[in-house]
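Here the structure is laid out as structure tokens; the discussion comes afterwards.
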Ligand code: ADP
């Protein structure tokens with residue numbers, strides 16, 4: 001599981017891309033280099049064979065010449081008398097002729113100590129001739145101090161009938177062959193060739209500065225020995241870092257500096273071919289720079305390929321991941337959608353349930369409110385009945401007294417006093433009829449629609465009048481400040497019911513106070529009349545303030561208050577389009593409500 005997660009990480013894919021790049025680079029480099037090297041090696045092996053046969057053919061061309069000369073009669077004759085000048089001359093002529101015809105450099109006859117007896121032309125024999133004769137060799141290489149080139153010498157014994165013996169020496173100059181190699185080397189930049197003798201000293205080379213260098217390493221003593229051997233026409237050159245044993249076909253990678261190279265050496269493939277009979281080594285050196293460059297190019301190609309594969313894998317895996325995420329997101333979305341639908345269904349059911357419950361509550365509330373309104377009316381009616389009986393009883397008693405008094409005055413003939421009494425009685429009856437009129441108004445059923453236009457001052461006065469039976473004994477000082485012509489949008493009975501309730505509460509609150517002042521103050525602004533009913537009573541405590549408009553909240557003793565007055569008043573004001581509020585004063589309370597100002601109409605008759 002962890003492995004899978006690791007494999008699907010983008011970081012891992014970047015790492016993979018990097019690794020594939022490196023792998024591609026290394027593999028392509030290796031393969032390209034190997035194939036280049038193999039090609040070069042095959043080509044070089046072929047060339048090596050060609051050079052070897054070329055050299056062998058060149059050297060072998062005259063191989064039989066000395067043995068043929070050995071049976072020449074003039075030379076045979078010379079051997080019989082080596083010191084004879086005539087024989088020497090005729091032998092010299094023979095040798096000169098053969099030398100010209102065979103195309104060799106020189107031919108001469110020497111005695112066994114290396115002294116020239118006769119020659120194709122006057123010459124100095126090579127310095128190492130006595131040493132070679134002592135070794136009994138059939139060929140040797142020696143440097144020509146005059147031309148600086150390497151010469152090849154073929155030897156063949158020449159025996160006369162006498163004790164003295166001699167040797168025929170044929171000399172070839174290899175400079176022309178070497179010149180073709182140099183020429184080849186110049187034409188093919190990639191291949192160098194050299195020939196080393198049995199002492200590992202380069203005697204021929206297509207690279208001139210390599211000539212007479214020692215292959216491998218030569219310590220000073222060996223170098224001095226070589227120098228003293230007089231084999232070489234010039235000083236022994238610097239070491240050439242080539243190992244002694246080299247494979248013919250596979251070759252060995254070496255680093256050799258070429259003349260003019262600034263770097264420490266260029267990479268070369270060294271292959272060797274032994275020319276056993278001659279004791280020579282032919283070494284071909286193929287420049288690997290081009291192969292290396294091609295390998296480098298191939299490596300970058302391989303790296304690019306590796307990177308492409310890595311990126312392709314990265315792309316495919318990111319695509320797979322994106323698809324998987326998309327599927328997951330779709331599934332999650334479907335689930336969320338299903339959950340949401342479920343939630344909506346359950347919420348809808350809840351809401352329907354709540355709605356039903358609310359409808360039931362509203363119906364119950366409406367019913368309760370109707371009942372409460374009725375109860376409130378009854379309560380007010382009770383209060384009013386008490387006031388009414390109080391109000392009516394007094395005048396009735398007074399009327400009876402005045403009537404009796406008038407009868408007596410009539411008997412005594414005091415008509416003017418009777419008239420005065422009748423006037424007082426008339427006033428009293430008028431007052432009583434006023435009260436009953438109010439009661440009639442109060443009992444009238446309220447209209448459904450509030451369209452009435454009520455003179456506010458009249459309503460205030462009526463309410464005060466209805467409570468006069470209470471205000472008078474308490475000595476309440478009333479202060480009414482209401483514009484005379486102000487009419488408000490209300491229904492007169494119910495507005496008076498509100499005012500009676502507020503005034504009654506005010507009087508209750510002031511009952512135990514020394515100063516009892518009730519003020520009704522109205523201000524008009526923006527088409528609304530604000531009615532403020534303020535008293536100097538005991539007020540309402542902070543805790544009770546919030547409960548004033550709750551049904552059945554009362555502080556009055558049982559049987560006196562129902563706790564419905566303010567609730568119903570607030571409802572009535574609300575029906576008129578206003579709001580009833582309570583505001584505590586420094587001394588007492590202020591109950592305030594607002595009503596729409598109605599246009600002036602002629603008062604009801
Ligand atoms: P009730 O008068 O029957 O008690 P209300 O609803 O009219 O019912 O009044 C509720 C309560 O509000 C009263 O019991 C009283 O404590 C308080 N209250 C009303 N008006 C005033 C006022 N002007 N001053 C002090 N308290 C008042």
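The values are calculated or read from the model by the stated rules, or taken from the named source; none is laboratory data. The shown structure was predicted, so the numbers you read here are calculated from the model rather than taken from an experiment. Don't worry about glycine lacking a Cβ; one is built from the backbone with ideal geometry, like all the others, and counts go over all protein chains shown.
Can residue 556 be described as surrounded by fewer than 17 Cβ atoms within 10 Å (Cβ to Cβ), touching a residue at least 40 places away in the same chain (Cβ under 8 Å) and out of contact with any strand residue (DSSP E or B) (no Cβ under 7 Å at 6 or more places or on another chain)?
For residue 556, the condition - surrounded by fewer than 17 Cβ atoms within 10 Å (Cβ to Cβ), touching a residue at least 40 places away in the same chain (Cβ under 8 Å) and out of contact with any strand residue (DSSP E or B) (no Cβ under 7 Å at 6 or more places or on another chain) - is met.
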Residue check for residue 354: farther than 30 Å from residue 500 by Cα and either loosely packed, with under 14 Cβ neighbours inside 10 Å or modelled with pLDDT of 90 or more (or both)
yes
Answer residue from the range 531-546, given it is outside any loop (DSSP other than H, G, I, E, B) and more than 7 Å from the ligand (Cβ to nearest atom) and is nearest to residue 484 (Cα to Cα) among those:
531
Out of everything in the range 475-507 that is crowded, with 20+ Cβ neighbours inside 10 Å and assigned to a loop (DSSP other than H, G, I, E, B), what residue ends up being nearest to the ligand (Cβ to nearest atom)?
476
Are any residues in the range 91-111 free of Cβ contacts under 8 Å to residues at least 40 places away in the same chain and farther than 20 Å from residue 150 by Cβ, and if so, which ones?
91, 92, 93, 94, 95, 96, 97, 98, 100, 101
Would you confirm whether or not the range 517-534 contains a residue that is more than 18 Å from residue 457 (Cβ to Cβ), in contact with a strand residue (DSSP E or B) (Cβ under 9 Å, 6 or more places away or on another chain) and buried (at least 20 other Cβ atoms within 10 Å of the Cβ)?
no
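With the requirement that a residue be more than 12 Å from the ligand (Cβ to nearest atom) and either within 26 Å of residue 366 (Cα to Cα) or touching a residue at least 60 places away in the same chain (Cβ under 8 Å) (or both), what does the range 562-591 give you? Reasoning before the result, please.
We begin by selecting, within the range 562-591, every residue more than 12 Å from the ligand (Cβ to nearest atom); these are 572-579, 581, 586.
572, 573, 574, 575, 576, 577, 578, 579, 581, listed by residue number.
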For the range 59-78, indicate whether the set of residues that are touching a helix residue (DSSP H, G or I) at 6+ places or on another chain (Cβ under 7 Å), in a helix (DSSP H, G or I) and under 27 Å from residue 234 (Cα atoms) is non-empty.
yes
Kindly provide the set of residues from the range 450-470 that are surrounded by fewer than 21 Cβ atoms within 10 Å (Cβ to Cβ) and in a helix (DSSP H, G or I), ordered by number.
457, 458, 461, 464, 465, 468, 469, 470
Selection over the range 178-205 where residues are touching a helix residue (DSSP H, G or I) at 6+ places or on another chain (Cβ under 8 Å), modelled with pLDDT under 80 and under 17 Å from residue 52 (Cα atoms) yields a count of 3
